[in-house]
1. Taking only Cα atoms and a 10 Å spring cutoff, compute GNM fluctuations for the chain and point out the largest among Tyr101, Tyr114, Tyr173.
2. Using DSSP, restrict attention to beta bridges with both residues in region 206-317 and report what percent are antiparallel, rounded to the nearest 5.
3. In sequence order, what are the phi-derived ³J(HN,Hα) couplings for region 282-294 according to the Karplus relation 6.51 cos²θ - 1.76 cosθ + 1.60 with θ = phi - 60°, rounded to whole Hz, with x for glycine and proline?
4. According to the square roots a ≥ b ≥ c of the eigenvalues of the Cα gyration tensor, what is the shape class of region 179-290, taking rounded for a/c under 1.5, prolate for a/b larger than b/c otherwise, and oblate for the remainder?
5. Among Lys70/Lys182; Lys237/Lys275; Lys273/Lys296; Lys13/Lys182; Lys293/Lys318, which pairs are too far apart, with a Cα-Cα distance over 18 Å?
6. Counting only helical runs of four or more DSSP H residues, what would the 222 nm mean residue ellipticity of the chain come to if each run contributes -39,500 (n - 2.57) and the total is spread over all its residues?
7. For Rg/Rh (Cα atoms, Kirkwood Rh), several values are listed as (1) 0.97; (2) 1.02; (3) 0.99; flag the one computed from this structure.
8. How many angstrom separate the Cα center of region 211-256 from the Cα center of region 288-353?
Amino acid sequence: MRGIQCFIVAPIKGHEFRRACRQVGGEFIRIAPGSPHCINIMEIRQSISPEMELIDELDYSELDSMLARKIQQLMIFCSLLIPDMNNEEEQMLDEALIRTYAKFGITHENDSLYISKSSFPPRLKTMPTIGDLHEELLTNPMTQRLAVIISRYVTGSAQSFNQQTNVDLTNKYIVLDLSELKGKLLPVGMFIALDYVWDTVRADRTKKKANMIDEIWQLIGANSNRMAAEFCLTIFKTIRGFGGAAISATQDLSDFFGLEDGKYGRAIINNSKNKIILNLEPDEAKTVQEVLKLTKTELRSITQFERGEALICSNNNKVPVVIKASKEEQEMITTDRAELEAILRDRQDAKSV
């Protein structure tokens, strides 16, 4: 409604966003094995817009290597796939990534990324896929273990990830549905989606944008790893500098504060100007009390909240509110069984008339 670019990353129950997305004319993208949609994790994207080059009066192609920056992201991605990688394997993987890009004519020289830099927008070269990296890893006996693990995403059940990017992020309201990814695939899919969205967020600081990560504990929780959690934390620390807002939601506070004694969960809360607390169980409420310095009265309130009641914390202010949705909003977002049944009856009646 306000013309702000919105990205929603939904790792669980993504279908809950589908009705609202359709009603506002948004783009619903499914990232899952067998899905027709794919985001190529190996793709190096234009992360600085021509508008920003003009504003800053700089030629960004002469600055930091975009390949080196991408390889850093890919090392995080591979650490999610292979949590027990040792130092030797990390070094060999780094070298294999450089050789893979070199086969496509891409080096640390930023100009090597383009077929035509003078066109608008600049035309980038065809990028390698994870299958090309897999082939390179197979050539070295010291990286064949890595190749075997990655083969799931090349020839195995998750081979739909081994394609060029075929989704469009120009829509103002985009939902990335990852809910069909299970187990180890879920944090991997979340990272692929966030990496793509983050590149888009950073490209143009003149445009407003909002990035919502639902169920963020999947990336910063006890079952994630430090590199992925650091990536999430970087988003929350720096997104305001790119003209954006970061929003996270979680129902699992034990996992939200589960990695490294809650270091990342606390840091994300501390970097969030506004916090909205809904009803919590007493044990969870005590954790929030400690982090947000709630009084005993506020602690008691949040354990007794009814549906739609919340406590908003902004700076040093804490205000209890009741959230009311309009009928149209309620129909777009409700997950209540009885309300869904009523909507179904209304639509069946309207269709029979």
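1. Tyr114
2. Of the beta bridges lying entirely in region 206-317, close to 45 percent run antiparallel.
3. Calculated HN-Hα couplings, in order: x, 5, 5, 4, 5, 5, 5, 4, 5, 6, 9, 6, 7 Hz.
4. oblate
5. Too far apart for the 18 Å limit: Lys70/Lys182; Lys273/Lys296.
6. -12500 deg cm²/dmol
7. Among (1) 0.97; (2) 1.02; (3) 0.99, the one derived from this structure is (3).
8. 22
The values are calculated or read from the model by the stated rules, or taken from the named source; none is laboratory data. In this text the structure is predicted, and so the values were computed from the model without any measurement. In this analysis, Cβ positions are derived from the backbone assuming ideal geometry, glycine residues included, and neighbour counts consider all displayed protein chains. Just so you know, the surface numbers come from the protein's heavy atoms only, side chains and all, with ligands and any DNA or RNA stripped out. Shrake-Rupley method; radii C 1.70, N 1.55, O 1.52, S 1.80 Å.
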